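The values are calculated or read from the model by the stated rules, or taken from the named source; none is laboratory data. Keep in mind it's a predicted model, so treat the numbers as computed, not measured. Positions of Cβ are backbone-derived with ideal geometry, glycine not excepted, and every protein chain shown enters the neighbour counts. Just the protein is used for accessible areas: all its heavy atoms, side chains included, with ligands, DNA and RNA removed. Shrake-Rupley method; radii C 1.70, N 1.55, O 1.52, S 1.80 Å.
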Amino acid sequence: MTKAIVDGKEIDVPPEYTLLQACEAAGAEIPRFCFHERLSIAGNCRMCLIEVVGIPKPQASCAMGVKDLPPNKDGSPKILNTKSAMVKKAREGVMEFLLINHPLDCPICDQGGECDLQDQAMAYGVDAGRYRENKRAVEDKYIGPLVKTIMTRCIHCTRCIRFTTEVAGVPELGAIGRGEDMEITTYLEHAMTSELQSNVVDLCPVGALTSKPYAFAARPWELNKTQSVDVMDAVGSAIRIDTRGREVMRILPRVNEDVNEEWISDKTRHVVDGFRTQRLDQPYVRVAGRLQPVSWKEAFATIASKVRSSSGKRIGALAGQMAGVEEMFALKSLMAKLGSKNIDARYPGSPLHTKFGRASYLFNSAIAGIDDADAIMLIGSNPRREAAVLNARIRKRYLKGNVLISVVGEKADLSYPYNYLGAGPETLAQFVEHAPAQKEKPMFIIGQGALNRPDGAAVLAMAAKAAASLGVVKDGWNGFNILHSEAALPGALDIGFVPEEGGMNTAAMLKAGELDVLFLLGVDEVEVPAGGFVVYIGTHGDRGAHRADVILPGAAYPEKSVTYVNTEGRAQMASRAAFPPGDAREDWAILRALSETLGQRLPYDSLGALRQALYAAHPHLSRIGQVTPGDASDISKLAKLGGHHDKAPLRSCVSDFYFTNAITRASAIMAECSALAHAAARTAAE
């Protein structure tokens, strides 16, 4: 540790600290524009100047380390001043230079009220500038449908360039020109293609880069802010939902070091318009082949007549990829009361099951465990498409060095280099009798593309055997990780929303003529055959609603308070930020009301009572924000599954990053992004 005196306060700091970190450790506030904790140091803006006693000029505290300070002759600690007259004058001068060319358009700037330059000009600037020359003007650039540019505002902090290069791993932004003529742009003004590109809007300290879909929509002080979690994938990123009245206006990231740090994917951020399009806002019943709007009472009566004329063995229920734990628990309880064991939330062919234990279907090392891994094998997964934020974490580990990354499955641009081992399960077979890996913390990341196939059980068993041979599971380390792509599935497995002994799985229920009545809880990703009576509880007029005989309008995830379990087994609460449109209701309330009509009343009249029953049956779900780990010995159960694998190559379960669920398919913004991505792929192929 190194001693230093900051504004009269003596502190001990590690020698690798920068002066900025040392000053902040002492409680001082240091303004900055170019410096960001998660990016490399650029030292561009000079706003973080401080005084180091003994050095005649102000020093950029972000770019100078404590260990770089020349020692005092008498051995006394160095004195750092952050509030001296020299520092005040230096910061005022830097701010004056920054504002020379900055336009005075705060009243119409989307960053107004959330702008670092605006805040720091008020705190550290002077009341008037001395420059009377004409301001420089810079032509706006087109960089895609998500990020709007007003480059006259740019102060050349280069945060955006460093983010795309270092974190996203797609170096699409760069600087051309020098000095006053420097401009930030993409190559030939092409659209950006990274799935994380919109994070540059949060990083931009001025209004040069703003959200194009949100432009001129609202001011920050008009919005109600609600903390929630993302369900566009199974990572469970921490988000903030901003609403005005009943309408969701935007989605922003929250900091969660264990999950998403402070990044979110473009799909998470810009799916907002999907909440307003193709929404189901009243019940429907199919009459003479056409859906007709009806009252809730009429819809329930139609369902009741069908259920009463059928036996429990010919009734089934499927849960979709964005269903919350509470509503799945209610649906499971209702099916049990109806005498049905036919429940499932898995894709056809998936071997994942509660009976093998929690460790058999979780990301056991936790997402933060990627930071500690020294070997990573991706099996049937493309994390860039399936979990973009998690992929950025793998890239972060790659940049740290001393890690071996390998891929079994399809070749893809993952934003970091890797060793390609092969395409099919036979590649994995060679590791079953392999000698232990010469690594301390090796990791398997098994995607749903390796499991959602006819030989999924054989592939999973082979992966478990290979993990045992290589030492992926050992004392103090469990690197056997299942990467889920659907937010609902870990929670569904936790509460046992899978068929019991004698019950039908998803594939069996989807066979024509097997069931008389099938309940779909937000299921839009599978084809339901003609013949049976289908009840769809969901939010959008998507595939499930098109097949339904009765539609019961539900609430989207920003419109309900519900629990989700992410891929690592972390129970998280999504809070209600808005209300569902029209006559739509929260899903658990629909099931509770329906149970009354069916004569099988569920024993809870409030969400609190439902959660009380849920927590009594599954206590670990009450530990919100915590990971409840599985038993590592569960992995050995998977090795006994057996079966024969075929030679079909392993492919990612996500073919189009922007179209993965009903909300994204209703979004015009996602449609534009998808079209650009396909055009870019065709151009690259040519």
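Would you mention how many residues in the range 187-220 are surrounded by 18 or more Cβ atoms within 10 Å (Cβ to Cβ), aliphatic (A, V, I, L, M) and farther than 15 Å from Ile251 by Cβ?
So the count comes out to 7.
Sort through Gly93, Gly125 and tell me the only one that's closer than 20 Å to Cys34 by Cβ, open to solvent by less than 30 Å² (accessible area, probe 1.4 Å) and either modelled with pLDDT of 95 or more or over 39 Å from the mean Cα position of the chain (by Cα) (or both).
Gly93
Just one of the numbered conditions (1) open to solvent by 20 Å² or more (accessible area, probe 1.4 Å); (2) among the hydrophobic types (A, V, I, L, M, F, W, C); (3) assigned to a loop (DSSP other than H, G, I, E, B) is not true of Leu39; which one?
Status for Leu39: all satisfied but (1).
Is one or more of the residues making up the range 398-407 in contact with a Leu (Cβ under 7 Å, 6 or more places away or on another chain) and either open to solvent by 50 Å² or more (accessible area, probe 1.4 Å) or part of a loop (DSSP other than H, G, I, E, B) (or both)? Walk me through how you get there before you give the answer.
Here is the first cut: in the range 398-407, the ones in contact with a Leu (Cβ under 7 Å, 6 or more places away or on another chain) are 406-407.
With the extra rule that they be either open to solvent by 50 Å² or more (accessible area, probe 1.4 Å) or part of a loop (DSSP other than H, G, I, E, B) (or both), the set shrinks to none.
Scanning the range 398-407, I find no residue that is in contact with a Leu (Cβ under 7 Å, 6 or more places away or on another chain) and either open to solvent by 50 Å² or more (accessible area, probe 1.4 Å) or part of a loop (DSSP other than H, G, I, E, B) (or both), so the answer is no.
Okay, residues lined up against (1) in contact with a Phe, Trp or Tyr (Cβ under 8 Å, 6 or more places away or on another chain); (2) farther than 25 Å from Leu493 by Cβ; (3) touching a residue at least 12 places away in the same chain (Cβ under 8 Å):
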position: Arg254; (1), (2), (3): no, yes, yes
position: Val285; (1), (2), (3): no, yes, yes
position: Leu291; (1), (2), (3): yes, yes, yes
position: Met322; (1), (2), (3): yes, no, yes
position: Leu334; (1), (2), (3): no, no, yes
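Conditions tested, residue by residue: (1) in contact with a Phe, Trp or Tyr (Cβ under 6 Å, 6 or more places away or on another chain); (2) part of a loop (DSSP other than H, G, I, E, B); (3) at pLDDT below 95; (4) of a type outside the set (Phe, Trp, Tyr).
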residue	(1), (2), (3), (4)
Ile590	no, no, no, yes
Ala593	no, no, no, yes
Leu610	yes, no, no, yes
Leu650	no, yes, yes, yes
Cys653	no, yes, yes, yes
Asp656	no, yes, yes, yes
Met670	yes, no, no, yes
Ala675	no, no, yes, yes
Ala681	no, no, yes, yes
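I need the full set of residues from the range 473-493 which are modelled with pLDDT of 95 or more and among the aliphatic types (A, V, I, L, M), in order please.
Listed by number, the residues that qualify are Ile482, Leu483, Ala487, Ala488, Leu489, Ala492, Leu493.
Out of everything in the range 371-397 that is part of a loop (DSSP other than H, G, I, E, B) and not hydroxyl-bearing (Ser, Thr, Tyr), what residue ends up being nearest to Val229 (Cα to Cα)?
Going through the qualifying residues, I end up with Ala387.
For the range 527-538, state whether one or more residues are in a loop (DSSP other than H, G, I, E, B), open to solvent by 10 Å² or more (accessible area, probe 1.4 Å) and of a type in the set (D, E, K, R).
yes
Of all the helices (runs of 4 or more DSSP H) wholly in the range 425-510, which have at least 1 residues that are of a type in the set (S, T, N, Q) and buried (at least 18 other Cβ atoms within 10 Å of the Cβ)?
Result: 425-429, 506-509.
Can you name the condition, by its number, that Lys9 falls short on among (1) out of contact with any strand residue (DSSP E or B) (no Cβ under 9 Å at 6 or more places or on another chain); (2) under 30 Å from Glu133 (Cβ atoms)?
(2)
How many residues, within the range 239-260, are of a type outside the set (Val, Ile, Thr), over 23 Å from Cys673 (Cβ atoms) and either touching a helix residue (DSSP H, G or I) at 6+ places or on another chain (Cβ under 6 Å) or open to solvent by less than 20 Å² (accessible area, probe 1.4 Å) (or both)?
Going through the range 239-260 one residue at a time, the tally reaches 2.
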